[in-house]
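Remarks on the structure that follows.
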Amino acid sequence: MANYYSNKIFQSITLALVVLFGIWSLESNARILEDSSSSIRERHEQWMSQHGRFYEDFNEKELRFQIFKENVERIEAFNSDGNKSYKLGINQFADLTNDEFKGRNKLKGHLCSSITRAPTFRYENVSVVPPSIDWRQKGAVTPIKNQGQCGCCWAFSAVAATEGITKLTTGKLISLSEQELVDCDTKGVDQGCEGGLMDNAFKFIIQNKGLTTESNYPYTASDGTCNSKAESNHAAAIRGFEDVPANSETALLKSVANQPVSVAIDASSFDFQFYSGGVFTGSCGTSLDHGVTAVGYGVSGDGKKYWLVKNSWGESWGEQGYIRMQRDVAAKEGLCGIAMQASYPTA
Ligand SMILES: *[C@@H]1O[C@H](CO)[C@@H](O)[C@H](O)[C@H]1NC(C)=O
């Protein structure tokens, strides 16, 4: 009898607790929902101060807030899908539509190139490559830089590859000047903040007989007149450059195993805009619009092969400024066209 009653009492208490807990969790869920919709304005304000963003007037602010809100919602929806190998995140591009973002990438189309392709590929007979390589660990990569609002990715890509070969041949890692390319490499196809090509930048460095340091010719993120005094103060030189045979990730692997390599990619997708970590598997096309630098490759913990790519959008984008892009995909062009137009300087 005693057992029967104590069981009953126990059941009643349990039931009461379950009901109470149910009410409590419904309420807190409702609170969370309310918070997330009302705080998106606060998040926009916080984001504005974090990124030093100011808007001209109320209408502009309202327009930018709506874009920010849509981006946040789309990013959160993407991240709630647990099957993806990469994550998206709010970054400095959060108040730009994807069309506006695309307009910032200014790699000159490869069809515009007047460069005749170098016929040699010095790594063609490379038969053994390490399973992974990270040129940062070998001290051949300078810290992440930020091109800002100037469309000179091509200069950052060429400079990073030049910094790499300079370290490998001289033992010295020297941060080199993108601004010299922006201001002084203007007699050919390259047009400073309006776009250019890595191969043209290599050609300029060869003809100029060198490139000066970042500190001697600092970056301004705008087109300027060539400072010929700084231009003539060489800190690094290259003898030539070679193109990696197009559309072969194997050829790209042989190259990146030996030095950091300039690569052109299609960086225009929403997912690329907001990539924040993991192995990026797309979506993206092959309309090359951005120049970056492959500074390694490897295999992730869950077995995904990737290229380690240095970008020039500051450390708040991607994995502290880097992206791991899926390697050895079915398409011969590589993910986002990474194997289409790769090249490297030679010392
Ligand atoms: C690769 O090997 C072939 C055959 O031995 C040779 O003709 C070619 O010059 C080599 N390429 C390079 C870049 O050394």
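Every read-out reported here was derived from the displayed coordinates using simple, explicitly stated rules and does not represent laboratory data. The structure presented is a predicted model; accordingly, all values stated were derived computationally and were not measured. Cβ sites come from the backbone with ideal geometry, for glycine too, and all protein chains shown count toward neighbours.
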Problem set entry | With Cα atoms, 0 to 90° folded angle of helix 2-50 axis to the chain main axis | 30 degrees
For this session: Subtracting the Cα-Cα distance from 0.36 nm times the residue separation, let me have the gained length for Thr186 to Lys332 in nm, one decimal.
Result: 49.2 nm
Seminar exercise, completed: Exposure proxy check on Thr162, Thr186: fewest-to-most Cβ neighbours within 10 Å is Thr186, Thr162
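How would you rank Leu197, Leu308, Leu211, going from fewest to most other Cβ atoms within 10 Å of each one's own Cβ?
Working: Leu197 28, Leu308 24, Leu211 31.
Fewest-to-most ranking of Leu197, Leu308, Leu211: Leu308, Leu197, Leu211.
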Exercise. Put +1 on the Cβ of every Lys and Arg and -1 on every Asp and Glu Cβ in the chain; which of Val299, Cys336, Cys152 then has its Cα farthest towards the positive end of the dipole?
Worked result: Val299
Exercise. Tilt of helix 153-170 relative to the longest C-alpha principal axis of the chain, in degrees (0 to 90, nearest 10)?
Worked result: 70 degrees
Exercise. Under a point spin-label approximation (7 Å from Cα along Cα-to-Cβ), what is the Asp134-Ile40 distance to one decimal in nm?
Worked result: 3.7 nm
For this session: Starting from the Cα of Lys332, draw a straight line to each of the aspartates and glutamates and keep only those under 15 Å, dropping any in the same chain fewer than 8 residues away.
Result: Glu249, Asp266
Exercise. Residue separation times 0.36 nm, minus the C-alpha to C-alpha distance between Ile67 and Tyr55: what's the value?
Worked result: 3.0 nm
Exercise. Which listed residue (Tyr322, Phe204, Gly240) has the Cα farthest towards the positive end of the charge dipole for the chain, taking +1 on Lys and Arg C-beta and -1 on Asp and Glu C-beta about the Cα centre?
Worked result: Gly240
Seminar exercise, completed: Each label sits 7 Å from Cα toward the beta-carbon; between Asp223 and Ala77 the label points are separated, in nm, by 4.0 nm
For this session: Convert each backbone phi in the stretch 52-69 into a coupling constant with the Karplus relation 6.51 cos²θ - 1.76 cosθ + 1.60 (shift: θ = phi - 60°), then list the ³J(HN,Hα) values in order as whole Hz, x for Gly and Pro.
Result: x, 8, 10, 10, 5, 8, 4, 4, 4, 5, 5, 4, 5, 5, 4, 5, 4, 4
Exercise. Taking the highest mean first, how do the peptides 198-208, 166-176, 249-259 order by number of other beta carbon atoms within 10 angstrom per residue?
Worked result: 198-208, 249-259, 166-176
Problem set entry | Helical mean residue ellipticity (222 nm; -39500 (n - 2.57) per DSSP H run of 4+; nearest 500) of the chain | -12000 deg cm²/dmol
Problem set entry | Alpha-carbon Rg with Dmax, taken over the chain, Å | 25.3, 102
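Given the pairs Lys106/Lys209; Lys84/Lys145; Lys145/Lys229; Lys187/Lys209; Lys106/Lys145; Lys167/Lys305, which span a C-alpha to C-alpha distance of over 19 angstrom in this model? Write out the running numbers ahead of the final one.
Numbers: Lys106/Lys209 26 Å; Lys84/Lys145 28 Å; Lys145/Lys229 24 Å; Lys187/Lys209 16 Å; Lys106/Lys145 17 Å; Lys167/Lys305 26 Å.
Beyond 19 Å: Lys106/Lys209; Lys84/Lys145; Lys145/Lys229; Lys167/Lys305.
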For this session: Pull up all non-local amide H partners of Glu242: gap of 5 or more, or a different chain, and H-to-H distance under 5 Å with H placed in the peptide plane.
Result: Tyr344, Thr346
Problem set entry | Charge tally in the Cβ shell below 10 Å around Tyr306, where Lys, Arg are +1 and Asp, Glu are -1, Tyr306 excluded | +3
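Counting DSSP beta bridges in the chain, what percent are antiparallel, to the nearest 5? Don't skip to the end; give the middle numbers.
Working: 30 of 33 bridges.
Around 90 percent of the beta bridges assigned by DSSP in the chain are antiparallel ones.
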